[in-house]
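Here the structure is laid out as structure tokens; the discussion comes afterwards.
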Amino acid sequence: MEHISQFIEIYYIEIVLGLAVVFLLLLAFYIIAEIRISRLKDRYDKLTRGKDGVNIEEILLRNGEEIDNLQGQINHINKELNKLETKLGFAIQKVGFIRYNAFADMGSELSFSIVFLDEFLNGFVLTSIYGREQSVSYAKPIKNGKSAYPLSTEEMQAIDRAIKGEGYANSI
């Protein structure tokens, strides 16, 4: 014991300075730890949205379930979208129309041919021929932009307009 008290008497200034340095280091570490804890607390409050008594595990599980539900809904919506895109391909998407005089002595371009086609160029052409004594209407099926039946010039023009997306242009 005597050796320790002699050691302290000889080196008491160095011991006090060493303890002061250790104290300052511990104080710095304490301040750094408080800053980190404060940041973690802020992040935790953001995660729990400031609710007290909330279990973080419950929040994570609930969020996981919500994500699974949303993923299921997205998959369902994608399936429905694919169905609609398939159906839309068979809907009328292209229309071509032309008015004309079927007979030289007739005016006002009362005859017409109109074409309705889907994405695959399938559909029909509807033609109405107007005459003084009678009016005749008939339809011809169109497959891949062509018909198995003979087509008039006007019907071919209407098909061409539908395919090109011109729809209605001035008559011939």
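Structure notes:
- Single residue of region 101-129 satisfying the filter (buried (at least 19 other Cβ atoms within 10 Å of the Cβ) and not hydrophobic (A, V, I, L, M, F, W, C)) that is nearest to Leu88 (Cα to Cα): Gly123
- Considered as a group, the residues in region 148-163 that are hydrophobic (A, V, I, L, M, F, W, C) and in contact (Cβ under 8 Å) with a residue 24 or more places away in the chain include one that is surrounded by the most Cβ atoms within 10 Å (Cβ to Cβ), and that residue is Ala158.
- Subset of region 130-147 that is surrounded by fewer than 19 Cβ atoms within 10 Å (Cβ to Cβ) and hydrophobic (A, V, I, L, M, F, W, C) - its residue that is nearest to Gln157 (Cα to Cα): Ala139
- Residue among Ile13, Ile56, Ile77 that alone is under 30 Å from Phe120 (Cα atoms) and either hydrophobic (A, V, I, L, M, F, W, C) or in contact with a Gly (Cβ under 9 Å, 6 or more places away or on another chain) (or both): Ile77
Bear in mind that the values in this text are calculations on the coordinates, not laboratory data. On a predicted model such as this, the values are computed, not experimentally measured, just so you know. Heads up, the Cβs are rebuilt from the backbone with ideal geometry, glycines too, and the neighbour counts pull from every protein chain shown.
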